[in-house]
Structures are given as C-alpha cells and as structure tokens.
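A short reminder: the numbers here are calculations on the coordinates, not readings from a lab. This one's a predicted model, so the numbers in the text were calculated from it and none came from an experiment. We place every Cβ from the backbone using ideal geometry, glycine too, and count neighbours over all the protein chains shown.
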Amino acid sequence: MALTKEQIAKRIAQELQDGFYVNLGIGIPTLVANYIPEGVDVVLQSENGLLGMGPFPYEGEEDPDLINAGKQTVTTIPGSAFFDSAMSFGMIRAGKVDLTVLGAMEVADNGDIANWKIPKKLVKGMGGAMDLVAAAKNIIVAMQHTNPKGESKLLPKCTLPITGVHCIKKVVTDLGVFDITPEGFRCIEYAPGVTVDEIKTKTLGRLVIADDVKEMVV
Amino acid sequence: MKKVVSGADEAIHDIPSGATLMMGGFGLCGIPENCIAAIVKKGINNLTCISNNAGVDDFGIGLMLHKRQVKKMISSYVGENAEFERQLLSGELEVDLIPQGTLATRCMAAGYGMPAVWLLAGIGTEVAEGKEIRNFNGKEYLLEMAFDADFAIVKAWKGDTQGNLIFKGTARNFSPLMAMAGKVTIAEVEHLVPVGELDPNEIHVPGIYVHRIFQGKDYEKRIENRTVRKKG
C-alpha cells in the first residue's frame, strides 16, 4: 500500500536531528511537526517571522497576530522569537536553517524543483519557496509520486516553470525514499507493500535502486 | 513636530491616483485596515501596490481590487484571492510575482539607502530573466533593485506621538521594512500613546521614518485560516 500523507510526514520526521532549525512548507510538510521523534529537540522556523513555532492554539485562544506562513493560527513556546521578513529570509539565506521540507509539483533527477506556477492555469506565486530552495543546505521534498492523472512527478526534466536548480537532496513520496545523486533518483527505501517494479514503472526520471534498498519503517 | 493626524481620511488625503504604495501585512495579519477602507472610500485608482499578498476577495487589498483601484500588484503569493486571479488571467491587472525574501530585502534596501542588492533567489528561473548576474565566491547572484514607493502604509500595535512604532507577534512581517522605505510613511496604530511612554529598548521602527500616525479604530483582524486543536 502506498503511504498516506501522515506516513510520508512521519518518515520525513526520521530525518530530524537534535538541535536542527527546520522550515516546514505548506501541506504534507506541515504535518512533519506532529511526528518529531522523542528526545529530538528541533526549532521550527516560520518565514513570516517566527522561530519556535508551537502547536495550533486551543479553541478560543486564537490570536490573529500569531500565524504561520500558511496563515494558520499557531502559538509560541518557551524560547520563541519574532522578527521581520528581511531578518527571516536573512537567516534562511545565510544558511542558518538546517533543513527545509517542501511540497512540489515536479522534481527532476538533477535536483531541480517546480512548485509555483502552472502557466495559464494556476497563478499563486512562489511565496518563500524560491528563497528557501536557493539557500537552504538540505532540502527534502514531500509529495505524491504521481499527479492526479497518474503521471510521474519524478522526471528527467521539469516541464513546469522551475523554482530552483540542483537544490533538492531527497524526495519522500507515497511509494518510497529517493536520494538525488549524479546517477539520478536513487531509491533507498520502498513503502510497505509497494514493489520496486511499481516504483520503476511510475518513475520517469533516471532511477537507480540501491543495493541495500529496504522496506521503509513507518 | 506634528505627526499625529485625526484618522485614515486625513492620513491618505494627498495620495494621488497612479501612486506606488507599500502596504504591510502577511495575508490578513497586520494589514492597515483603516487606511485600506479610506482608500476604497475615496476611490483613488491606477495604484501600484507592493504587498506580500493581495488580501482575500472581501477583505484587505481584495477590497481595492474589487473596485478596480489597482493597476499593478508586486507580491510573492496571491493564492487566496479569486478576483485577483480572474483580473490577472483576463489581463486587467498587471502582476509582478517575486520571491518573498527578495520582496522583503528590496524594501529593506530602500529603507537603508542602498540602491540595489545581490540576491540568490530565482537564479536559473524565469525570475532571473533580464537581470544582471554576477558571480561571488563561485555562486551566481541576481542584481535586485531597491523599491521606490511614494507612500508606505503600515499597521503597528503601539506607537507614540513622535512616530516610534512597536509591532506585535507575526503582525510585524514586512511592516517595519516598508515603514523605513516609504517617501511618506503612514502608520495606523492600535494604541497611540504620548511620547515617553514606550520603552526605547522595545522600539522596532524609530519615529524618524514615520511621517503620519493615528489612532486606528474598529479593527476586525480577520483570521484567514483558523486552525485549532482539541483540549485534552
């Protein structure tokens, strides 16, 4: 069985290390916050100007002056700090953020990503995604392996306008975990119940299967 | 030194049609509600708005879009506004979509008196088209120009009669940067206090950047995406 969105988030949470400053994008990446492993202390950065993002507020305790980059109401925690948008992207640009998790429409086997625009159809803008992918040291993409039409989102080359070049290090989809290497997507794990053949069929970009490929633990 | 004005109508009285405005806020968080209402009421048009977002259909800059007062938006993300998308796809509205950090830094550059900055975001993408590129330490950067805005309009939490400003929570976002960048800066505040009442250690924007300030009223502070968890 392919992974649920929650399971994709849970698998990505295994990449978190103690002391990391982490920026989580909108969608599946936001869910990663729910699965931070026991004993791992991470600080979440929200690019609208908050370090130390806490959980959603209890009903009745929402503060319109306290939101995350997805415009959801959030809370502070001990150690939280507010800052303006220039400082927020300053810390991103200066490489202070250890890990960025983003959604994507397409990822190419050279690490290019497209996630901000579908010409003549969807014009939402890039938000902070272009700044994040240009600067972050370590970027993981969380997404479905195929689009609603069943077409591969892991491609030899992005067909949509790109957000950043050669920047993605790892992709976690509902089918498996893939490192971006000079040889293309390197499958290191497959989801429980998913076969390597299925992954091969549904991956258009260059794909190599790691010798020690194993079933994902989620 | 008289910076205090009676309200939004007086604060915006000399904004002409065709002006370039910076407007603070992230989504609906920290937007200058009073000034937006006054601009909508007065019907100034042909405006260029530099603002991270374009509001929603019936609030924020969305209200100005609805009355076709905006000629051009310079934003990073406009996904929450169907009217915006309609005007854009039909060609009625010009839009310049730029990376959020670039937007913030181009505001900052203006407030710091820097004509341009070298930024990484957008290298290799359509954002880079037509821009000067230079290599520093083995990496390519884009030359991005400081914004040139006639007016900056922000909402602060507290302000004093000399124009010193303090922001609250994530309502800070672009507002201090824009406040520093406007040729004329207008601040509406939730709490206007006499000079001397704010702790100098806590000022986010010194009054030198602020030309007009007023006590705002009737703040709705609409929440765009109310998300809560259950108790227990």
Pairwise over distinct Cα atoms, reciprocal of the mean inverse distance: report the Kirkwood radius of the stretch A:3-55 in Å, one decimal place. 11.2
Rounded to the nearest 500, what is the 222 nm mean residue ellipticity of chain B from helices alone, with -39500 (n - 2.57) per DSSP H run of 4+ residues and division by all residues? -5500 deg cm²/dmol
What range in chain A is the longest one free of trypsin sites (Lys or Arg not before Pro) that are in a loop by DSSP and have at most 14 other Cβ atoms within 10 angstrom? A:1-95
Can you list the residues, at least 5 places off or on another chain, whose amide H is less than 5 Å from the amide H of B:VAL70, using H built in the peptide plane? B:ASN46, B:LEU47
What does the charge count near B:ASN45 come to, summing +1 for each Lys or Arg and -1 for each Asp or Glu among other residues with Cβ under 9 Å from its Cβ? +3
If you take every residue apart from A:PHE56 with its C-beta less than 12 Å away from the C-beta of A:PHE56, what net charge results, scoring Lys and Arg +1 and Asp and Glu -1? 0
To the nearest 0.05, how large is the calculated FRET efficiency for A:GLU215 and B:VAL40 if R₀ is 60 Å and r is the Cβ-Cβ distance? 0.55
R0 = 30 Å: FRET efficiency of A:ILE118 with A:ILE77, Cβ-based, nearest 0.05? 0.25
For chain B, what is the convex hull volume of the alpha-carbon atoms per residue, in Å³? 170
Equivalent-ellipsoid semi-axes of the stretch A:5-215, from the Cα gyration tensor, Å, largest first: 29, 19, 16
Counting only residues 5 or more places away or on other chains, whose amide H sits under 5 Å from the amide H of A:CYS167 once H atoms are built in the peptide plane? A:ASP112, A:ILE113
For B:SER17 and A:ILE36, FRET efficiency with R0 = 56 Å and r from the beta-carbon atoms, rounded to 0.05? 0.60
Multiply the residue separation of B:VAL193 and B:ILE133 by 0.36 nm, subtract the distance between their alpha-carbon atoms, and state the gained length in nm to one decimal. 16.9 nm
Could you size up the charge dipole of the protein assembly as shown around its Cα centre, putting +1 on the beta carbon of Lys and Arg and -1 on that of Asp and Glu, and report it in debye to the nearest 20? 620
